[in-house]
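Taking it in order: structure first as structure tokens, then the write-up.
The values are calculated or read from the model by the stated rules, or taken from the named source; none is laboratory data. All values derive from a computational prediction rather than experimental measurement. All Cβ positions, glycine included, derive from the backbone under ideal geometry; neighbour counts span all protein chains shown. Calculation scope for accessible area: heavy atoms of the full protein, side chains included, ligands and nucleic acids excluded. Shrake-Rupley method; radii C 1.70, N 1.55, O 1.52, S 1.80 Å.
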Amino acid sequence: MQLKEIFKKFVHIARENPNYLVALLDTNHCVTEASDENVCGEIISQDMDPARNRQFEIKINNQLEGYLWIHIHEQDNVIGMVSKLFYDSLRTRIAHELEQENSLEKLSLEDQLVNELVIKKSADSVYVRDLMNKLKLDDTIPRTAIYVLKNDVFDRQEVTNLKYRISDQNTFYSLINEHTLKIFKPQSKSKTNIDMRRDLMIFVSELVEWGLTNCYYAIGTPQYQVRLYVNSYSSCQWVMKNVVMVKDKPYFFTDHIFGYFCSRLDAGKLDNLFDYYYQKVINMDAEEMVEIAEVSTPM
């Protein structure tokens, strides 16, 4: 994280009040950035008149990165309060930038994990385990794939912001491309299939409420083993290709298992299997068929 860049975004607040000079000092108390560029490069003593000067430590991850110096040109009785407001404002901005940076770093690792699990033909189990450890993901719990397809392009900031909304730290996701979001949602081992289904429906409704609207949602098969997550992903793809879907509504692969198995059958083999009966029917005389139907009809 670049502290100087954060300060540049922050310093405009100070420029709104010309009576105050606000500066960023390095660990040697040298001015690196300031609301008045003329003081850049100066060394600022810690023993300056406290009635007109305040200095605050700037720490990031408990590491001293520098100091915030506030100087008032014309002395008044509110320097303590005003300088504290400046400091709190800068700390808030630093915390926000840190959170954004951490989220982007985590998303980058999740992109690598999803790519390894479902995009590559053969996943490297050691690499996958290492990524899951870095992300602090439990690899012993079952997960279900959720495939989110949007005709429009996903807003990347909106996708990043999901990190602040999804409370379950064992959920991970990635944008496969600008139209496709892939989410792996953990499931409780102790819950019934009905409970898991309800939880997934609630989760999808939350995604819609959070702004992922005008999307198609396919829910794959739950999988216990990490190496089988790709099968959950594949079942989502099947739903997307074979089921007529309505936007913002979840569609479960498990609701279409019969159709899935039928789609896997070889039509030619089915024709041969029932060819005898088929030939009997097509060669049957129409009048004979009518006669059989009338005899078979109960009085």
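For this structure, a couple of remarks:
- Residue within segment 47-54 that is in a strand (DSSP E or B), under 37 Å from the mean Cα position of the chain (by Cα), modelled with pLDDT of 85 or more and within 23 Å of Thr92 (Cβ to Cβ) present: no
- Unique match (being under 29 Å from Lys163 (Cβ atoms) and either open to solvent by less than 80 Å² (accessible area, probe 1.4 Å) or at pLDDT below 85 (or both)) among Tyr67, Tyr87: Tyr87
- All positions within segment 120-138 that are within 17 Å of the chain's Cα centre (by Cα), part of a helix (DSSP H, G or I) and free of Cβ contacts under 8 Å to residues at least 60 places away in the same chain: Leu131, Lys134
- Cβ-Cβ under 9 Å pairs, at least 6 apart or on other chains, segment 71-83 side β-branched (Val, Ile, Thr), far side open to solvent by less than 80 Å² (accessible area, probe 1.4 Å) and in a loop (DSSP other than H, G, I, E, B): Ile72/Asn19; Ile72/Ala51; Ile72/Arg52; Ile72/Val78; Ile79/Ala51; Ile79/Arg52; Val82/Asn17; Val82/Asp76
- Residue in segment 190-248 that is surrounded by the most Cβ atoms within 10 Å (Cβ to Cβ), counting only those that are more than 17 Å from Leu117 (Cβ to Cβ) and basic (Lys, Arg): Arg197
- Tyr147 among the aromatic types (Phe, Trp, Tyr), buried (at least 18 other Cβ atoms within 10 Å of the Cβ), at pLDDT 95 or above and not in a loop (DSSP other than H, G, I, E, B): yes
- When we screen Gln169, Gln157 for residues that are open to solvent by 30 Å² or more (accessible area, probe 1.4 Å), at pLDDT below 95 and assigned to a loop (DSSP other than H, G, I, E, B), the only hit is Gln169.
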